[in-house]
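**Student:** Got a structure for you, questions after.
The values are calculated or read from the model by the stated rules, or taken from the named source; none is laboratory data. Computed from a prediction, not measured in an experiment: that's the story for all the values here. The area values use the complete protein model at the heavy-atom level, side chains included, leaving out ligands, DNA and RNA. Shrake-Rupley method; radii C 1.70, N 1.55, O 1.52, S 1.80 Å.
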Amino acid sequence: MSILHKQSCATDRSVIANAFIRDARLSYTARGLFLHLWCMPDNSAPLDAVIMPTMTEDAVVIRAAIIELVRYGYLSVADDGMLCWLNQHPSGA
């Protein structure tokens, strides 16, 4: 079973496997950030422009969560700041 399978965010529901939610390598902050990003449109603006202003956490905390998500294969960050979904089977999950 795929851990991640992103579909259109046009509906009011998101589906994600429990394997992601139970990935003990990730902090709760990283999991929450990922779920927030997961339901954003695929063509969302760069991280600093849209997401950071809506967060209540310090930017350092958010960036640490992004580093976790990149380290474990859930995201990559393009040169222009856009977030990219990597694959359906993050490393070690």
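**Student:** Sorting ARG25, ARG13 by accessible area (1.4 Å probe), largest first, what list results?
**Tutor:** Largest to smallest exposure gives the sequence ARG13, ARG25.
**Student:** In what order, largest first, do ILE16, ILE62 sit by accessible area if the probe radius is 1.4 Å?
**Tutor:** Ranked from most to least accessible, the order is ILE16, ILE62.
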